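Asks: Submitted below is the structure of interest, expressed as structure tokens.
The values are calculated or read from the model by the stated rules, or taken from the named source; none is laboratory data. Just so you know, these numbers come straight off a predicted model, no measurement behind them. Cβ sites come from the backbone with ideal geometry, for glycine too, and all protein chains shown count toward neighbours. Keep in mind that these areas ignore ligands, DNA and RNA; they rest on the heavy atoms of the full protein, side chains included. Shrake-Rupley method; radii C 1.70, N 1.55, O 1.52, S 1.80 Å.
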Amino acid sequence: MTTDQYDAVIIGAGHNGLVAACYLQRAGLRVLVLERNEHIGGATTSISRYKDYTYSNCSYVYSLFRQEIARTLELYKYGLQVIPYEGGSQIIKNPDGSYDSMGTYWHDDANRREIERFSPRDANAYERLNRDIVRQCRFIKPLLMRTPPDPTSFKPRDIMELLYLGKRFYGMGKEQMLETIRFYTMSVGDYLNEYLENDALKSYLAGGATVGTALGVYSPGTAYILLHHAMGDIDGTVGAWGFARGGMGSVASALNDSFLASGGHVRVNAGVSKFIVQNGKVKGMQLENGETVKAKLVVSGMDVRRTFNAIDSNELPAWVVDRVSNFRFRGSSGKVNIALDGLPGFHGVPEGSPCLSGDIHISQSLEELELAYDDWKAGRWSQKPYLDMLIPSLIDPTMAPEGKHWMSVFVQYCPYKLAAGEWNEERKQAFGEHIVDCISAFSPDFRSKFLHMEIRTPKDIEDETGLSEGNIFQGELTMDQLMFNRPIPGYAQYRSPISGLYMCGSSTHPGGGVMGAPGANAAREVLRDLGRGVQQ
Amino acid sequence: MTSQQKDIVIVGGGHNGLVCAAYLARAGRSVLVVEAAAEIGGAARTRELAPGARVSSGAHLLHAMPDDLINDLNLTAHGLKLSSVRLNTVSLNNTGSSIVFADNTVSGAEVTAKDKAAFARFDKDMNRFAKALRPVFDKLAPDVSIETWGQRLELLGLGWTLRKLGRYHMREFLRVIGINFYDLLDEYFDNAQLKAAIAMDALLGSEWGARSMGSVLTYLYRLAGYQRNGGMGLALPEGGMGALSHALAKAAEAAGAEIRTGARVKRILIDDDRATGVELENGERIAAGCVVSNADPKQTFLKLVNPDHLDTGFIRRIRNLRSKGKAAKLHLVLSGAPAFKGVEAANLGSRMLIAPTMDEIELAFNPCKYKRYPTASVMEIIIASAHDSSLVSSGQHVLSAVVQYLPYDDTPEEDANRTAFLETVLDQLEQYAPGIRAQVMAAELLTPRDIERQFGISGGHWHHVELAFETFLFNRPVPALARHCSPISGLYVCGAGCHPGGNVTGIAGRNAAQQVLRGGH
Amino acid sequence: MIANTANNQRPIFERPILETPFYESYKHLIQNDQYEEWSGYTTLASFANDGQEYFAVRNTCGVYDLCPMIKYDISGADAERYMNRLVTRNIKKMLPERVTYTVWCNDDGHVIEDGTVFRLAPTEFRLCCAERQIEWLLDSSIGYDVVITEVTQDIAALAVQGPISCNILKKMGFTGVEVLKPFQLGNFSLNGYDVMISRTGFTGDLGYELWIDAEHADDLWQALFKAGELFGIRMIGSLALDMLRIEAGLILVNVEYMSCFQTVRPNRARTPFELGLDWVVDMNKGHFIGRRALVAAQKNSLKRKLVGIDVDWNKQADGALLYDSKTCSRQIGEVTSALWSPTLKRNIALAYLDAPYYAGEKSMWAEVYLHRECQWERKVYECHVTPKPFYAPERKRLTPPEDL
């Protein structure tokens, strides 16, 4: 098989690479996907690390994936099944040492009555908060699947897109417009303080707003990340989250099967070491095994740093090299996957509560979350980290043996660079043990159910998935790295300074999360340059 | 009883109130300024700290007042005299290795040529951006409405100002405006002390550390101030900042305005949805066609206006404003000239910064998030007496410092905390100026809460309301007040809580006067 | 006081909704298990037959369980000032022991809700509404000496409505109830506990509402039904109530309009003027929340208005879109509530109409979809603007009511 037979080569079989591959293949191109690892999926994987347990060992919940992509690529036909979960528990340690928990429910009145136990005012204010977030969602959602305009450009296309944005913005009405500016620039802590009084509820909501960024709950520019809780939807239920049956790997495998069924090819164990560029045009790439693959059209699913590091810097304008080197990754989160001999109990969660099948949180207040961030700033993992714990096996019977469970623990903050020195096995184990200690403080029988743990520091995430500095979003989602600034100003439309080289990873608009939008948008831009239409 | 009838009553004789009064009086209106304190000036005031030793007890530098405002009001003729202009800035180091900023260049034993070149680039870039923003800062806050062609053109004009930067710089502007100062400085510089010194200009008076987004905005705000002040850079009025206020008062009085001190307003009178005057604490009522409040928004709308006249959503937003200051003031009377390491005696009049690294700024910032005091703070020190001997008896000096970050302390332990923290600060100063403790003849620390008490600013915040994106331009302090008008007709606002923000600029006062004269929104 | 039925004791996740304090009393009358959730309570859409329940109110006496109605008690020295700023009507003019129907708005003059204000005493008020809004009420109290408490669970209430409702109450021993004028309330006692009776209702007929401490719910219910037994008293569900309120031309939140606290899309919130409630807005009483926005709104002509219409046919025009012509070329409005009125024998509806159609001078057509034997049919009927209320019998206002 010669590689000349391909019209386009996609680098990386992560979910965005596969989405781009699917679209291009379906548009009639002959597409090859090169994957460095032995398995596909990038950070959407289901992997067995211990006996009959399967871990979604990187990303672990499903909500943001764009419905239109899943529908077009027929992912449900290729085995993707998404099960929404109900529940969520915020465990509360009372000043007297006793415990309680605040559950979340799909039933509005159950939810209200639960919050009313702590604050009737908040139960009411929470509804207004949700309404206001949904309003913001309505503004942002259509932008996810559009190419950001270049605000400095006078090209009709960019001007039209800017006008479109302006029209949407003005369509909200003056008051809402100004509110939107506030929403995008405030800290999540300040934002929530404007609505709520109860610490537990605030910390339950705020924790998620710092995920994947090196920011704290009091850092300006974190409030808008609350959108993540509302932007996705499952079967029309806005803001619902779910599990992909069989783990997140089933997203990748459905994409893969869809791609293969449309005639595409995937090669694993084929990491790219260098792009071959001549006269500003991409000619192909050199693989890690020394082999050369020719290609006139390359779409890189790698993050912007890895993509540009694989290009001889002489081929790039100096300012581009400069911008890329300043693009911030700063992995700030770790992940621990734990196999359990049975369902652990949690302090304060009543017998029979369905709330354990959702996200479980133990952070007690905004202050505690901010202190966790102070630890990151000082180059150490948080003493009291924000933990996003889920037990997918409560819902999905395919992931653990009967009666047994696996638990996914997302840990914020865990620095990529430790002040104490490089990550090593000893530090990694200490980090893992610390997390188990943190959980055990709220779950008396956790240790006794504990069987196995996979510890993933930002360094491990980088090594395995290739995400620079272990940043789960392929680069922080901060104001200066969003929209037309993502990944770098001037190249935010999925193209690069190298003709024929495109980017489709989460480093591009609209960013990270298992969303698929960057892949779909990049494919659309490629096809536009080729003068072809895209399947809708 | 109604004692007087005026066209306009201005509540508060801070510098913005006085500027507003002067402009209105010059336009032929009868104006009365009522000031609660015994002396006018608000936070631009000179106070006697010990017999014969006077200090600028609030703001201690003049660096952002537009030269055309100074000229318009003939402040020089009314007694404003600058004892020094274009002060150098020296970043102190307890090893004695200081860094000096003078006239857009940086020097210091440990500053590499690369950093010097980077500074030149940085200074140029930032000034370019500040210049682009200046019209925005100097004028009324833009209106986001696009109902009329005028409004549309105004907004397009804003866009065009940015585009005029050129493609590269416009892109860079749109990127850096959303970045935080910590990361931005990391992109330019290597030297940690250099970075920290620059960062201080973005952080003085703010509630945030260098890692907070929005810190670039506050830096550009400061640079715009330097750009508009006719090249005087950091300046010191002779006789302290109070002298500026007196010049403003004289300018106002010369134009016919009346100023009453010791007259605390109890409430703003409203009749038929229109402000009709004020009632003083002593029961005296002053009738007026308009009322302009120089007080901060919380004071104005939560204390002076009866909620019967306001809507709940509006009150909610005013209450939510972030107005808890984090900057304290330290005042010392010294028996002699202190000896700061790495600062020659001749340079004692420079602005001195204690901010060793950005991480240490961040460490000083962290505790205040939890309402705790820092163990080591960062500060800006001014020894005005080095330029102005009228402030002290011979041989003595007065030191004034902005000390960050302190919590707004409303605990019962406030007094003990203040005393303990003063010791901490003096210990810290001793490391930079050995022997200074022994020179201290009188010392005073004003915490944000003390500033609230002394100057009547709710929360003791330098900018009245945090200068951040969420309270910027059309959102400052809240949309309904962004152009100095208020929901109640005839009631205007002119304080630092308005666009463009704090520092002794007078812009808010001038813009408010303009709006009053226009008589509308 | 929470009604402690066994179901109310279960954990929230097993039983998210509560039973009302009367549930145990009338449980035996539930024939067809047509439950509906209302504000977190189990209520009945109908007990047996919604048509019969409707006629009970127009003919004899129907009883509706009002407990899920949200109730806030507002008391304190500044209560009158507070209420006067909160709502659009002039509360200063309201006497104690009176009830008034009003709306209240946000800063933008958009309606938060409509409901009733009870002046229990000079400094004590009760606000009755359908949606929880404690956050707004508390934030509105900044600067006022008032205490605001939600008493929804503590107070049980029954609406006793219909031409012979007064007779039944008198028979129960509430002597003097007949002198209560519409929107007046009186305090009575029964078996040693207090019963507050207001001459109010949501049916457009003669009727009363009885308010008691929740713990006496069963006792009151038993006494009422014993007294009413021979008069044909019966429990009614929300289906019947909905018919009654449409005939009375009364609007319902989440049907005719959405609270501005819940609207997500721009232009979905409504001003009182758009709801046709100008008569409850006192623009001359001084400032109230939203007044400035309403002053501004008054300067422009109304873009749309909720009016009553008559549809020239006999099929209910539920959810119908209204057009300017029989060909349905331009939409000019939509129906929010529709009813074939069994009393009036008219096909009535509440509908939003754009300007100038709400003035009623132009003709208009309703596009109605009918599901007939599993097949949808499209019909276009002419309709006319008609004054509200559609039904307002004299007995509604007559004091004392006719003794039947």
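Asks: Taking only pairs that are 8 or more places apart or on different chains, how many Lys pairs in the range C:301-386 have Cα atoms under 22 angstrom apart?
Replies: 10
Asks: Right, next: For Cα pairs less than 8 Å apart in space and 6+ apart in sequence, what is the mean separation divided by the residue count of the range C:70-150, i.e. the relative contact order in percent?
Replies: 42
Asks: Please compute how much accessible surface disappears when C pairs with B, both sides summed, using a 1.4 Å probe, and round it to the nearest 100 Å².
Replies: Protein heavy atoms only, the C-B interface buries about 1400 Å².
Asks: List the GluC sites (Glu not before Pro) within the range B:393-452 that fall in a DSSP loop (any state other than H, G, I, E or B) and whose Cβ has at most 15 other Cβ atoms within 10 Å.
Replies: Hits after loop and neighbour filter: B:Glu413.
Asks: Can I ask one more? Can you tell me, using C-alpha contacts under 8 Å and at least 6 residues apart, the relative contact order of chain A as a whole percent?
Replies: For chain A, the relative contact order is 24 percent.
Asks: OK, next. Please list, by residue number, everything in the range B:44-69 whose backbone N is under 20 Å from a paramagnetic label point 7 Å out along Cα→Cβ of B:Ser335.
Replies: B:49-54
Asks: Additional query: What size of dipole, in debye to the nearest 20, comes out for chain B about its Cα centre when the only charges are +1 on Lys and Arg C-beta atoms and -1 on Asp and Glu C-beta atoms?
Replies: About 1100 debye.
Asks: Other chains near C:136-145: what is the mean number of their Cβ atoms within 10 Å of each residue's Cβ?
Replies: 5
Asks: Which chymotrypsin sites (Phe, Trp or Tyr not before Pro) in the range A:113-175 sit in a loop by DSSP (not H, G, I, E or B) and have at most 14 other Cβ atoms within 10 Å of their own Cβ?
Replies: A:Phe154
Asks: Now, a different point. Using the heavy atoms of the protein chains alone and a 1.4 angstrom probe, what is the accessible area of the range A:35-171 per residue in square angstrom?
Replies: The answer is 43 Å² per residue.
Asks: Over the whole of B:301-310, what's the average partner chain Cβ count within 10 Å per residue? Rounded to a whole number, please.
Replies: Counting other chains' Cβ atoms within 10 Å and averaging over B:301-310 gives 4.
Asks: If you don't mind, another one. Within the set A:Lys417/B:Lys324; B:Lys6/B:Lys303; A:Lys51/A:Lys459; A:Lys202/C:Lys92; A:Lys141/A:Lys417, which residue pairs have Cα atoms separated by over 29 Å?
Replies: Over 29 Å Cα-Cα: A:Lys417/B:Lys324; A:Lys202/C:Lys92; A:Lys141/A:Lys417.
Asks: Using a 1.4 Å probe over the heavy atoms of the protein chains, calculate the carbon and sulfur portion of the accessible area of the range C:301-386 as a whole percent.
Replies: Carbon-and-sulfur percentage of accessible area, whole number: 46.
Asks: Next up: Just reorder A:Tyr76, C:Tyr358 by solvent-accessible area, largest first, 1.4 Å probe, all chains present.
Replies: Sorted by accessible area, descending: A:Tyr76, C:Tyr358.
Asks: Take the alpha carbon gyration tensor of the range C:301-386, find the square roots of its eigenvalues, order them as a ≥ b ≥ c, and report rounded if a/c is under 1.5; if not, report prolate when a/b exceeds b/c, else oblate.
Replies: oblate
Asks: Counting protein heavy atoms only and a 1.4 angstrom probe, how many square angstrom of accessible surface do chains B and A bury in total, to the nearest 100?
Replies: Buried: approximately 3600 Å² between A and B.
Asks: Quick one: which bits of the range C:99-133 get at least 20 Å² less accessible when the partner protein chains are in, versus the chain alone, with a 1.4 Å probe?
Replies: Buried-area filter returns C:Asp107, C:Asp108, C:Arg132.
Asks: Another question, then. Along the charge dipole of the range A:109-239, Cβ charges K/R +1 and D/E -1, which of A:Ala206, A:Ile159, A:Tyr191 sits furthest on the positive end?
Replies: The residue sitting farthest along the positive end of the dipole is A:Ile159.
Asks: Roll a 1.4 angstrom probe over the protein heavy atoms and tell me the percent of accessible area of the range C:70-150 that is carbon or sulfur.
Replies: With neighbouring chains kept in place, the figure for the range C:70-150 is 48 percent.
Asks: Could you name the aspartates and glutamates in cross-link range of A:Lys404, using Cα to Cα under 17 Å and dropping any fewer than eight places away on the same chain?
Replies: Within reach: A:Asp52, A:Asp341, A:Asp396, A:Asp445, A:Glu454.
Asks: Does anything in the range B:368-391 have its amide N under 17 Å from the 7 Å Cα→Cβ label point of A:Ala378, and if so which residues?
Replies: Under cut-off, by backbone N: B:368-377.
Asks: How many angstrom separate the Cα center of the range C:362-404 from the Cα center of the range B:476-498?
Replies: 50
Asks: Per the helix-only calculation at 222 nm, which mean residue ellipticity applies to chain C, given -39500 (n - 2.57) for every DSSP H run of n ≥ 4 and division by its residues, nearest 500 deg cm²/dmol?
Replies: -4500 deg cm²/dmol
Asks: Quick one: net charge of C:Thr343's neighbours, Cβ under 12 Å, K/R +1, D/E -1?
Replies: Net charge in that neighbourhood comes out at +1.
Asks: What is the range B:197-280's relative contact order, in percent, from Cα pairs under 8 angstrom and six or more apart in sequence?
Replies: 13
Asks: Using r as the Cβ-Cβ distance of B:Leu517 and C:Met283, and R0 as 22 Å, what FRET efficiency do you calculate, to the nearest 0.05?
Replies: With R0 = 22 Å, the Cβ-Cβ based efficiency is 0.15.
Asks: Which of the trypsin sites (Lys or Arg not before Pro) across the range A:105-147 are loop residues per DSSP, with 16 or fewer other Cβ within 10 Å?
Replies: A:Arg117, A:Arg146
Asks: Continuing with this model, one more query. Quick one: which bits of the range A:118-156 get at least 30 Å² less accessible when the partner protein chains are in, versus the chain alone, with a 1.4 Å probe?
Replies: Residues passing the criterion (a loss of at least 30 Å², heavy atoms only) are A:Arg121, A:Asn124, A:Arg128, A:Arg131, A:Arg135, A:Arg138, A:Pro151, A:Thr152, A:Phe154.
Asks: Additional query: Run the numbers for B:Ser3 and B:Asp125: contour at 0.36 nm per residue of separation, minus the present Cα-Cα distance, in nm.
Replies: Fully extending the segment from B:Ser3 to B:Asp125 adds 38.4 nm.
Asks: A further question on this structure: Averaged over its residues, how many other protein chain Cβ atoms are within 10 Å of peptide A:370-383's Cβ atoms?
Replies: 2
Asks: About its Cα centre, what dipole magnitude does chain A give when the only charges are +1 on Lys and Arg Cβ and -1 on Asp and Glu Cβ, stated in debye to the nearest 20?
Replies: Charge dipole of chain A: 1940 debye, to the nearest 20.
Asks: On to the next question. C:Gly228: net charge of surrounding residues, Cβ under 13 Å, Lys/Arg +1, Asp/Glu -1, itself excluded?
Replies: In short, +3.
Asks: OK, next. What aspartates and glutamates could a cross-link reach from A:Lys155, if we take a straight Cα to Cα line under 18 Å and drop same-chain neighbours fewer than 8 places away?
Replies: Result set, ordered by chain and number: A:Glu525, A:Asp529.
Asks: In nanometres, what is the gap between the two model label sites at B:Asp271 and C:Glu37, each 7 Å from Cα along Cα-to-Cβ?
Replies: My value for the distance between the label points is 5.5 nm.
Asks: Could you work out how much longer the chain between B:Lys139 and B:Ala254 gets when fully extended? Use 0.36 nm per residue separation minus the Cα distance between them, nm to one decimal.
Replies: Here the answer is 38.8 nm.
Asks: Could you give the size of the charge dipole of the range C:301-386 about its Cα centre, using +1 on the Cβ of each K and R and -1 on the Cβ of each D and E, expressed in debye and rounded to the nearest 20?
Replies: That gives a dipole near 80 debye.
Asks: What quantity of accessible surface, computed with a 1.4 Å probe and excluding non-protein components, is buried in total between chains A and C, in Å² to the nearest 100?
Replies: Counting both chains, the buried surface is close to 2100 Å².
Asks: Please report how far the C-alpha centroid of the range A:296-358 lies from that of the range A:114-192, rounded to the nearest whole angstrom.
Replies: A separation of 25 Å, based on Cα centres.
Asks: Measuring with a 1.4 Å probe in the full set of protein chains, what accessible area per residue, in whole Å², belongs to chain C?
Replies: 41
Asks: At a Cα cut-off below 16 Å, give the aspartates and glutamates reachable from C:Lys170, other chains included and same-chain residues fewer than 8 away excluded.
Replies: Candidates past the 8-residue exclusion: C:Glu178, C:Asp194, C:Glu209, C:Glu229, C:Glu402, C:Asp403.
Asks: What FRET efficiency comes out for the pair C:Ser325/C:Trp376, r = Cβ-Cβ distance, R0 = 25 Å, nearest 0.05?
Replies: Calculated transfer efficiency: 0.70.
Asks: May I pose another question? Along the range C:152-161, what does the Karplus equation 6.51 cos²θ - 1.76 cosθ + 1.60 (θ = phi - 60°) give for ³J(HN,Hα), rounded to whole Hz, x for Gly and Pro?
Replies: 3, 6, 7, 9, 9, 9, 10, 9, 10, 10
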